[in-house]
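These notes concern the structure reproduced below.
Only the coordinates and a few stated rules stand behind these numbers; no lab work does. These figures come from a predicted structure and were not determined experimentally. When we count neighbours, we look across all protein chains shown, and the Cβ atoms used for this are built from the backbone with ideal geometry, even at glycine.
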Amino acid sequence: MASVSKTLAILGLFFMSPVIIPIVVLGGVFYDIFNSELPPGIEQPLKLRLFHSLMITALLSGKILAKLGICSDFSLLRVVLDGVPPWRDSKLLIKDLKVDEVPLRIYQPKWPPTGKRRGILYFHGGAGTFGSIRAFERICRHIAKKCNSVVVSVGYRLAPEHPYPGQYFDCLNATLYFMRNLEEYHVDPALIIIGGDSCGANFATVICQILLNGRDLPKVRAQVLFYPGLQGLDFYLPSYQQNASVPILFRKLVIYFCCRYLNKDPSLLEDVLQSCHVPESMRQKYKKWVSADIVPDEFKVRGYVPHKSTCYKPQVHEAIKEILAGTFSPLLAEDSIICQLPEAFIVTCEFDVLRDDGLLYKRRLEDNGVPVTWYHSESGFHGILAFFGYGIFSFVSGKRIMDNTVNYINNL
């Protein structure tokens, strides 16, 4: 009821303020025009510009609403990005429940199973601060039907209201519930898949690492990761430079969301961007895993300038050291952990600041003998799957990503 009241308050304010609406919308449009870059080859740039303008408008409006004491600055963004709920699906049985106060939505095909089904846990994206089960409803329905699988979408609680690292505990508890109740859902314990997009892919990676210690639990069959964010060590990798101003996720916005997610002061942004939070000893230790030198040369052709070392600031490290922790940066896990992980399906997008996180993780898994199936969307951008299933508002590259994902899952 509280979220409904917030939504009504937000909409009421805007409907009563016809002068504010066009001003804020124009502000979002002009911000996009003067600050974003749409490189040649990116899919449907005008459509992307429209969506990005709406997102910026929601962010700007949220800040106004927060100053007026109406709601938090993320409230309107969450409403906008929740999307439009789809029609009822006659082919699926959809059930909502809560596990330790965490909402789950479980999708099961209605047709009788010929045998035990796959079980797929899905953690949505949204920087840990927005996104919802509803926002990714179409993806989960699609996978449940096309892969004849039971899909569990996890509505982990959002920061900053629910502080980090609570999101990982929510995802872990949901996973443990599902693994301990497989018989109820007619799921094969040998065919459990854990996946997600963006920060949700980060959660999936961490949960797979944690479950390595679960001796009494089924072994995860595969991890499915859509454009994952996996490290807070280096924000000057080639993809961060090339796509710094490409919608929908600017480089500075990544760090801003990281600060909000960790409940840290956003004024740290510039220092973190310059890697002032990383001690030299840590930089040297992890350069074998996180370095532009490891990124294949074909991903540097759009321009890359090696980043000069910057002065380490101990106070910055102390203020935001969580960004280098194993949960936030699972790419930094030791080889002894990486080599035990399940095989992976990794999706990267060319026009995405997080592209190289996925490439580096792919390399680490392969170097440790873990099979990887990789799909690279040459015209895709970060967050493209959020538009999947919306007809003319969708992107062709998003459909291709889902087609390849379905093929991968069905071949397990």
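Some observations on this one:
- For the stretch 342-363 versus the stretch 150-190, the gap between their alpha-carbon centres in whole angstrom: 23 Å
- Spatial separation of Cα centroids for the stretch 110-147 and the stretch 367-406, in angstrom: 15 Å
- Dipole of the stretch 112-165 [Lys/Arg +1, Asp/Glu -1 at C-beta], most positive-end residue of 143, 128, 165: 143
- Length gained on full extension, residue 294 to residue 309: 3.6 nm, using 0.36 nm per residue less the C-alpha separation.
- For residue 377, the residues whose modelled amide H falls within less than 5 Å of its own, excluding neighbours fewer than 5 places apart on the same chain, are 348, 349, 350.
- Placing a pseudo-label 7 Å from each Cα along the Cα-to-Cβ vector at residue 110 and residue 96 gives an inter-label distance of 2.0 nm.
- Each Lys or Arg adds one and each Asp or Glu takes one away; over the other residues whose Cβ falls under 15 Å from the Cβ of residue 389, this sums to +4.
- In nm, spacing of pseudo-spin labels at residue 63 and residue 287 (7 Å Cα→C-beta vector): 3.7 nm
- Taking other C-beta atoms within 10 Å as the exposure proxy, 53, 245 rank 245, 53 from fewest upward.
- Pairs exceeding a 26 Å alpha-carbon distance, out of 252/313; 47/91; 264/362; 91/362: 47/91; 264/362; 91/362.
- Scanning the chain for DSSP H helices at least 30 Å long along the axis (C-alpha atoms) with a Kyte-Doolittle mean no lower than 0.5 picks out 45-67.
- Taken about its Cα centre, the chain carries a charge dipole of roughly 820 debye when the Cβ of each Lys and Arg holds +1 and the Cβ of each Asp and Glu holds -1.
- Positive-end ranking of 230, 304, 243 along the dipole of the stretch 216-305, with charges on Cβ about the Cα centre, is headed by 230.
- Converting phi to 3J(HN,Hα) with the Karplus coefficients 6.51, -1.76 and 1.60 and the offset θ = phi - 60°, the stretch 126-132 yields x, 6, x, 10, 8, x, 6 Hz in sequence order, with x at every glycine or proline.
- The Cα center of the stretch 262-315 and the Cα center of the stretch 43-60 differ in position by 28 Å.
- Extension gain, residue 301 back to residue 146 (0.36 nm per residue minus Cα-Cα distance, nm): 52.1 nm
- Segment residue 265-residue 245, extension gain: residue separation times 0.36 nm, minus the distance between their alpha carbons: 5.0 nm
- Applying 1/(1 + (r/R0)^6) with r as the Cβ-Cβ distance of residue 321 and residue 169 and R0 = 22 angstrom yields a FRET efficiency of 0.65.
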